[in-house]
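Scroll down for the structure; my scribbles are underneath it.
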Amino acid sequence: MAANAAGTFVVIALIAVVNYDIIARGLFNKPFLGAVEVVQFSMVLIVFLQLPDVVRVGRLTRSDGFLNLLAARRRPAGRALSRVIDLISMIFMIIIAYAIWPEFLEMWESQDFFGIPGVFTAPWWPVKLVIFLSACLCAVHFLLHIITPKIAPAHPEESGA
C-alpha cells in the first residue's frame, strides 16, 4: 500500500509539472524544458509503484469469464486453474526481477542519465530499482494468492450480494 501511495504522489507531482509547463508556456512563453522527460520518467514510476497493490487486491486486468464459469460448475478445477495462472504470473515477475537487477547495478555504478544534457537529466537507477522492487513484491503477492487462493463464489448469494 505504501508503494501505491508513493505512486499517487508521483501522479500529483506529474500534474504539478504539466500545469506548471502549461502556465509557463502560455503566460510567460517559457516552457519547462524537461517536461517530456519528467512525464516519461513518471509514467514508469506510476505503473510499477502501483502494480503490487493492484495485484494484492486482485484488480489486475485479466479476463475471468472462463475462470468464473469453471468455478461455478467445477469449483476445484476453478481453484486449480486460478493457482496455475497465479504461478505463471509469479514466474513472470521473478523473470522481470532477475532481468532488471543487472541493469540496476549497471546504472548505479555508471551513474548513467537519461534526458537532454544541459536541459534536463535524471539518473536511470531509481526507475530500475522501482521496477525490481515492484516485480519482487508482485511475485510475493502471487505466491500468497497460490497459497491462499481467492476465487469468486460459485453462486452470487454466497458472496452476500
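The values are calculated or read from the model by the stated rules, or taken from the named source; none is laboratory data. Bear in mind the structure is a predicted one, so any value in this text is a computation, not a measurement. Neighbour counts run over all protein chains shown; Cβ positions are idealised from the backbone, glycine included.
Can you work out which of the residues in region 81-120 that are among the β-branched types (Val, Ile, Thr) and surrounded by 13 or more Cβ atoms within 10 Å (Cβ to Cβ) is farthest from VAL47 (Cα to Cα)? Checking each candidate, the answer is ILE85.
Scanning region 18-57 for residues that are farther than 30 Å from ILE96 by Cα, surrounded by fewer than 16 Cβ atoms within 10 Å (Cβ to Cβ) and without any contact (Cβ under 8 Å) to a residue 24 or more places away in the chain yields a total of 13.
Picking from residues in region 96-128 that are under 23 Å from the mean Cα position of the chain (by Cα) and small (Gly, Ala, Ser), the one that is modelled with the lowest pLDDT is GLY115.
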